[in-house]
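Inspection log for the structure reproduced underneath, given as structure tokens.
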Amino acid sequence: MPTLNLRVATLNIGGGEKTFDEFSNDTQHSRQEALELLVKRLDADVLCLQEVTQYVNADGMTRSLMDIIDRAGNYQHAFFGKVVSMETDMQIKKDIMVKGIFKDWWNWSMGNAIHSRLPFARLSDPTRAGMPRNIPVFRPLAYEGTRDTDPRYVLLTRLKEAPYPFLSTLHLTTLVGERPPDIVPHKREQAQHMRLTQINLFLDLVRAFILEQEAPLILTGDFNATEDEPAIQQLLESQPGFVRLRPENDGPTHPDLPRALDHIFFYPRARLVDYTCRIESGELSRRASDHLPVVADLQIK
């Protein structure tokens, strides 16, 4: 049976509109440079990102973080999964959208992305070229330009190299008031319930065609959930083969909480020959984002 050695990293680049905005501000430009250097340092075969932004200016030119990251990491394959945009979700309560109107942007969008040095395969036939799919796990009745009403999506793809692992990245809900210092009663329970619902939808999505077939699956992202939350427990307990790739320096990946919110999981454990995992916690990471990247080296059979 063939084995595949793969380095996978996940990172929420944090406050997307602050990280990428025409680079007219010195702080923003510094963050862009830090992100480029960080991508080079991570040297991941597959890089999964959340809160990626891009916009189309008044001349019809697209300015995208995707291009910057592709160059920095030497990625030949990349996919952007739109979560929210001016075109479909225009909301005057969203500051970046109002700013975009007065900068004559034709569109602005934010979403999740996968950058890969390995080609993407079809989900049904991994020997043929394919593209990732962008699948909703939460759509609000009305988008109000707030975190509480942000849509949530899962990107799902397959890598075109034996043993053809499936790969997914997601960004689960977080609500205003669920964390210190401005805790609102019941918000924590409401947010945890929403994340649990979203994880259950993901499991429903992959159960028949991946989990029950015991095909290799790498799941990454910003779960906005610590390991002891119901969403993570449901993921690990619903299918005993799921394993969290525990970083050797396990700890917080965001300053708001003392434990990790960003994770990498693998399924099934029996097909994981070996792995190492770490949180890249240096000064460069803290300049690039308010989240810290999680990086894993896997050997899959």
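The values are calculated or read from the model by the stated rules, or taken from the named source; none is laboratory data. Here the structure is a predicted model, which is why all the values come from computation and not from measurement. When we count neighbours, we look across all protein chains shown, and the Cβ atoms used for this are built from the backbone with ideal geometry, even at glycine.
Within region 119-151, count every residue that is of a type in the set (Asp, Glu) and within 20 Å of the chain's Cα centre (by Cα). Can you show your working first?
Filtering region 119-151 for residues of a type in the set (Asp, Glu) gives 125, 144, 148, 150.
With within 20 Å of the chain's Cα centre (by Cα) added as a condition, the list becomes 148, 150.
The total comes to 2.
Residues that are closer than 17 Å to Thr149 by Cβ, touching a Phe, Trp or Tyr at 6+ places or on another chain (Cβ under 8 Å) and not hydrophobic (A, V, I, L, M, F, W, C) within region 166-214 comprise His171, Thr173, Arg195, Thr197, Gln198, listed in sequence order. Within region 243-250, is there a residue that is in contact with a His (Cβ under 8 Å, 6 or more places away or on another chain) and part of a strand (DSSP E or B)? Scanning region 243-250, I find at least one residue that is in contact with a His (Cβ under 8 Å, 6 or more places away or on another chain) and part of a strand (DSSP E or B), so the answer is yes.
Criterion first (buried (at least 21 other Cβ atoms within 10 Å of the Cβ), on the phi < 0 side of the Ramachandran plot and not aliphatic (A, V, I, L, M)) does Phe223 satisfy it?
Details: buried (at least 21 other Cβ atoms within 10 Å of the Cβ): yes; on the phi < 0 side of the Ramachandran plot: yes; not aliphatic (A, V, I, L, M): yes.
Against the criterion (buried (at least 21 other Cβ atoms within 10 Å of the Cβ), on the phi < 0 side of the Ramachandran plot and not aliphatic (A, V, I, L, M)), Phe223 qualifies.
Here Pro216 passes the criteria (1) farther than 12 Å from Phe266 by Cβ; (2) surrounded by 21 or more Cβ atoms within 10 Å (Cβ to Cβ); (3) touching a residue at least 40 places away in the same chain (Cβ under 8 Å); (4) not aliphatic (A, V, I, L, M) except the one numbered (1).
Taking the condition modelled with pLDDT of 90 or more and either crowded, with 18+ Cβ neighbours inside 10 Å or charged (D, E, K, R) (or both), does Gly60 pass?
Numbers: modelled with pLDDT of 90 or more: yes; either crowded, with 18+ Cβ neighbours inside 10 Å or charged (D, E, K, R) (or both): no.
Spelling it out, it is not the case that Gly60 is modelled with pLDDT of 90 or more and either crowded, with 18+ Cβ neighbours inside 10 Å or charged (D, E, K, R) (or both).
Checked against (1) under 22 Å from Lys301 (Cβ atoms); (2) in contact with a Lys or Arg (Cβ under 6 Å, 6 or more places away or on another chain), Leu172 passes all but a single condition, namely (1). Among the numbered conditions (1) over 30 Å from Arg286 (Cβ atoms); (2) among the charged types (D, E, K, R); (3) in contact with a helix residue (DSSP H, G or I) (Cβ under 8 Å, 6 or more places away or on another chain), the only one that Arg207 does not meet is (3).
If you check Leu205 against the conditions, is it buried (at least 20 other Cβ atoms within 10 Å of the Cβ) and not polar (S, T, N, Q)?
Numbers: buried (at least 20 other Cβ atoms within 10 Å of the Cβ): no; not polar (S, T, N, Q): yes.
No: the conditions fail for Leu205.
Would you mind telling me which numbered condition in (1) surrounded by fewer than 16 Cβ atoms within 10 Å (Cβ to Cβ); (2) without any contact (Cβ under 8 Å) to a residue 40 or more places away in the chain; (3) outside any strand (DSSP E or B); (4) not acidic (Asp, Glu) Pro126 fails? Looking at each condition in turn, Pro126 falls short on (1).
A count restricted to region 206-235 and to residues that are in contact with a strand residue (DSSP E or B) (Cβ under 7 Å, 6 or more places away or on another chain) and of a type in the set (A, V, I, L, M) stands at 8.
Every condition in (1) in a helix (DSSP H, G or I); (2) closer than 26 Å to Leu272 by Cβ holds for Met194 except the one numbered (2). The condition of being part of a loop (DSSP other than H, G, I, E, B) and either free of Cβ contacts under 8 Å to residues at least 24 places away in the same chain or closer than 29 Å to Ala121 by Cα (or both) holds for Glu178.
Looking at the structure I just gave you, is Ala270 outside any strand (DSSP E or B), closer than 20 Å to Arg7 by Cα, among the hydrophobic types (A, V, I, L, M, F, W, C) and under 20 Å from the mean Cα position of the chain (by Cα)? Give the derivation first.
Details: outside any strand (DSSP E or B): yes; closer than 20 Å to Arg7 by Cα: yes; among the hydrophobic types (A, V, I, L, M, F, W, C): yes; under 20 Å from the mean Cα position of the chain (by Cα): no.
Considered against the rule, which asks whether it is outside any strand (DSSP E or B), closer than 20 Å to Arg7 by Cα, among the hydrophobic types (A, V, I, L, M, F, W, C) and under 20 Å from the mean Cα position of the chain (by Cα), Ala270 comes out as no.
Picking from residues in region 42-87 that are under 16 Å from the mean Cα position of the chain (by Cα) and without any contact (Cβ under 8 Å) to a residue 40 or more places away in the chain, the one that is nearest to Leu159 (Cα to Cα) is Ala78. Of all residues in region 95-117, those satisfying the criterion of being within 19 Å of Asp70 (Cβ to Cβ) and either under 14 Å from the mean Cα position of the chain (by Cα) or buried (at least 19 other Cβ atoms within 10 Å of the Cβ) (or both) are Ser109, Met110, Gly111, Asn112, Ala113, Ile114, His115, Ser116. When Asn5 is tested against (1) at pLDDT below 95; (2) assigned to a strand (DSSP E or B); (3) surrounded by fewer than 21 Cβ atoms within 10 Å (Cβ to Cβ), just one condition goes unmet, and that condition is (1). Just to be sure before I move on: is Ile232 surrounded by 20 or more Cβ atoms within 10 Å (Cβ to Cβ), under 23 Å from Arg133 (Cβ atoms) and in contact with a Phe, Trp or Tyr (Cβ under 9 Å, 6 or more places away or on another chain) in the structure I sent? So Ile232 does not fit the description; no. From the list Glu229, Glu248, Glu237, Glu283, the lone residue that is acidic (Asp, Glu) and closer than 19 Å to Val206 by Cβ is Glu237.
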